1. Which count do you get for residues in the range 577-593 that are under 16 Å from residue 513 (Cα atoms) and touching a residue at least 60 places away in the same chain (Cβ under 8 Å)?
2. Going residue by residue through the range 588-595, is there one that turns out to be of a type in the set (S, T, N, Q) and within 31 Å of the chain's Cα centre (by Cα)?
3. Does residue 572 satisfy the criteria of being at pLDDT 95 or above, of a type outside the set (Lys, Arg) and either more than 32 Å from the chain's Cα centre (by Cα) or under 19 Å from residue 525 (Cβ atoms) (or both)?
4. Look at the range 665-674 and say how many of its residues are touching a residue at least 40 places away in the same chain (Cβ under 8 Å) and surrounded by fewer than 23 Cβ atoms within 10 Å (Cβ to Cβ).
5. Checking residue 604 against (1) touching a helix residue (DSSP H, G or I) at 6+ places or on another chain (Cβ under 8 Å); (2) free of Cβ contacts under 8 Å to residues at least 12 places away in the same chain, which test does it fail?
6. Within the range 477-499, can one find any residue that is touching a residue at least 12 places away in the same chain (Cβ under 8 Å), among the charged types (D, E, K, R) and within 15 Å of the ligand (Cβ to nearest atom)?
7. Test residue 609 against the stated conditions and say whether it is closer than 30 Å to residue 713 by Cβ and open to solvent by 60 Å² or more (accessible area, probe 1.4 Å).
8. Of everything in the range 190-213 that's among the aliphatic types (A, V, I, L, M) and open to solvent by 40 Å² or more (accessible area, probe 1.4 Å), which residue is farthest from residue 134 (Cα to Cα)?
Amino acid sequence: MAQYTRVSGSVGLITLQSPRVNALSAAVRQGIVDMMQRALSEPEVKSVVICGQNGIFCGGADIKEFGKNMSGPPLIPMIHAIEAASKPVVAAIEGIALGGGLELALGCHYRIAHAKARVGLPEVTLGLLPAAGGSQRLPRLIGVPAALDLITTGRHVTAAEALKLGIVDQVTDHNTVNVAVKFAKRVAGQSLDPRRISTYPCPCPSDADALFEKAMQKVRRAARGAIAPVACVQAVRAAATLPYNQGMEREKELMATLFTSGQARALQYFFFAQRAVGKWSMPSGARWETSKPRPVHKAAVIGLGTMGRGITVALAQAGLSVVAVETQEKQLMEAKQAISGMLERGAKRSGVAPALDKVSYSHNIQPVADVDLVIEAVFEDMALKKKVFQQLSAVCKPGTFLCSNTSGLDIDHLACQTRNPELVVGMHFFAPAHVMKLLEVVYGPKSSPHAVATAMQLGKKIGKVSVAVGNCRGFVGNRMLKPYLEQALFLLEEGATPEFVDQVLEEFGFAMGVFRVSDLSGLDVGWRVRMADGLAQPDPTTGQPVRVRQGRRYSPLGDLLCEQGRFGQKTGRGWYQYDKPGSQVAKPDPWLHSFLDEYRTRHGLVARRIDHQEVLERCLYSLINEGFRILEDGIAAGPEDIDVIYVFGYSWPRHRGGPMFYAATVGLNKVLERLEHYHQAHPDVPSLQPCRLLRKLVAGGSPPIHKWREVIKKVHSQL
Ligand code: NAD
């Protein structure tokens with residue numbers, strides 16, 4: 001809806017009214033059309049101001065209308081009518097003007113923004129482009145390079161930057177609507193011809209071809225197969241090379257392609273999935289609405305290695321006081337330097353003072369006595385972690401939440417070491433912890449809803465996307481990674497090379513293939529875990545073959561590389577070779593190829609030609625199958641939780657929606673049929689055996705992903 005009032009005698013004020021962000025729903029569009037007509041027909045009205053209620057101009061199109069039959073007046077003619085109006089129209093931008101909201105403002109003759117407002121065209125992040133004239137007007141207003149940047153990245157800009165770029169005409173610290181009304185009175189009667197952006201020529205540099213070629217290369221590299229950024233470049237190119245009307249036609253054509261591509265659907269699903277994970281629930285029935293978080297003002301981090309440093313920075317940057325504890329004197333000194341450096345660089349980037357005084361350092365645990373929450377990040381060693389939790393339980397004030405950053409150890413074992421196991425949860429960050437968006441909040445059987453709510457709230461405060469998950473080996477992310485890694489190793493045994501497997505996965509859209517990632521994170525990490533689990537060496541008492549553990553197929557390839565000191569990038573050798581230790585440029589390694597040949601000969605394996613499809617299906621479908629098991633076990637509440645974890649924590653390509661959405665796109669019956677096929681060929685690999693929930697979903701006619709929760713509930717009730 002839109003409300004109309006006459007203010008200051010001669011100004012028609014149109015206020016968009018649609019909670020929460022005044023999205024351009026059919027009702028709002030109808031309201032704007034009607035109120036504009038009224039303002040234009042009233043002789044006393046000399047100019048018009050458009051604003052939004054509750055301090056928000058407009059958040060853009062109503063995403064709930066996507067994919068449905070459009071009702072109400074269409075956006076493009078509405079914006080054209082505003083631009084063509086005979087009386088000046090001023091946009092009073094408070095809060096946000098995003099997507100269609102900014103396109104509406106670009107149709108106005110003037111734009112006044114509040115100093116705290118942000119504007120942008122984020123359509124690309126939903127697999128679309130600004131198709132209500134945004135791709136044609138913005139380059140005409142601010143030039144091709146700046147428009148390309150904004151439209152292909154979807155980034156939001158502050159009012160100050162918008163003023164500098166020329167998107168807005170004025171920025172104010174005062175009441176924006178009052179300022180806009182005064183402004184509108186001043187410009188009433190002035191010629192509007194110079195204010196209609198669609199009539200502007202597009203300022204384009206002489207080397208336009210080279211500029212667009214470079215832009216195209218850049219977005220193709222970053223897009224990892226996403227087509228919307230490419231279409232955005234094509235649309236801006238149309239603005240630069242075609243008359244406005246033809247450019248609008250091109251914008252429409254490109255939008256039609258995007259709409260039907262499937263990627264837009266995946267990205268829109270993902271948009272809602274991010275919201276869904278905030279509404280967490282536990283199998284006990286505890287839920288986000290009924291579980292109150294406790295305030296956390298002061299926190300402690302125990303262990304200042306790779307993870308502890310990043311976690312400390314994330315907490316301090318969010319304004320928390322942090323006690324940072326490290327027992328090794330040398331590590332403590334290095335950590336102090338590293339943390340201060342990270343805080344200073346972060347502050348410089350965001351133009352604020354570094355939060356150095358928020359962090360106090362200690363080499364013993366006593367100063368954590370008065371903190372509200374502790375995050376333990378010592379070595380991944382259960383005995384050590386148990387000891388630390390015993391100490392924390394003895395030292396901390398009553399009510400302190402005790403959290404572990406373990407990558408996959410049992411949270412319940414740690415909780416059992418404390419006086420108040422209900423206060424213990426996992427807070428599983430991803431490296432680098434101050435950068436990566438994902439946080440898995442792991443509840444054990446004894447964790448209280450308050451503890452989960454507090455960890456989720458803290459995650460939000462420090463800018464993370466937090467997902468609540470149940471307690472099991474590897475939680476959600478690392479548990480699903482296990483069969484994926486396992487398949488990659490089996491493929492090497494059967495004849496593939498690390499380069500080929502990585503190439504297939506990177507073409508699919510992962511930032512890095514499985515072997516490049518292993519080299520980056522260090523092969524020794526998993527090796528130590530396998531050694532602790534007694535897997536890295538065959539058990540001599542059982543007489544089982546080297547490639548079998550606990551009756552299942554096992555590949556010792558990773559262990560053999562570690563025995564040779566090949567830990568990945570850090571040692572300059574792993575699945576690839578590097579110029580020197582620490583270098584990031586991976587090159588195929590002839591040594592590794594001969595090693596694989598010898599290995600196959602030693603174990604009587606005959607290398608065969610493995611194609612693209614087999615690599616993709618075995619790696620991805622085994623991971624997806626584990627995802628279904630996780631849903632079946634109630635470790636994740638729904639497919640959205642898994643998808644958010646995979647996109648934010650494991651670089652799953654966002655335009656494919658996440659592994660569970662991808663499975664739905666491929667077709668659950670196809671995933672089932674291929675898993676059955678591979679399991680028949682490899683009966684000693686249990687992770688390829690299709691799980692019950694997948695079979696159940698297929699038997700139920702493969703319902704759409706938003707209906708899976710109902711099926712999962714039924715499966716749980718039958719257990
Ligand atoms: P790290 O080896 O870099 O650092 C561990 C630090 O803990 C060391 O500085 C060590 O001196 C210190 N420490 C050991 N005992 C201590 C004690 N009693 N009190 C205080 N400090 C102590 O390890 P990391 O990579 O930062 O991993 C830490 C934890 O985070 C592990 O549980 C790991 O599984 C988990 N994790 C790691 C990653 C990763 O990518 N590195 C990602 C997610 C989670």
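The values are calculated or read from the model by the stated rules, or taken from the named source; none is laboratory data. Model, not experiment: these values are computed from the prediction. Every residue, glycine as well, gets a Cβ built from its backbone with ideal geometry; the counts of neighbours run over all protein chains shown. Surface areas here come from the heavy atoms of the whole protein model, side chains and all, with no ligands, DNA or RNA. Shrake-Rupley method; radii C 1.70, N 1.55, O 1.52, S 1.80 Å.
1. Going through the range 577-593 one residue at a time, the tally reaches 3.
2. no
3. So residue 572 fits the description; yes.
4. The qualifying residues number 2.
5. If we test residue 604 against (1) touching a helix residue (DSSP H, G or I) at 6+ places or on another chain (Cβ under 8 Å); (2) free of Cβ contacts under 8 Å to residues at least 12 places away in the same chain, just (1) comes out false.
6. yes
7. Against the criterion (closer than 30 Å to residue 713 by Cβ and open to solvent by 60 Å² or more (accessible area, probe 1.4 Å)), residue 609 does not qualify.
8. Step by step, filter the range 190-213, then rank; the result is 210.
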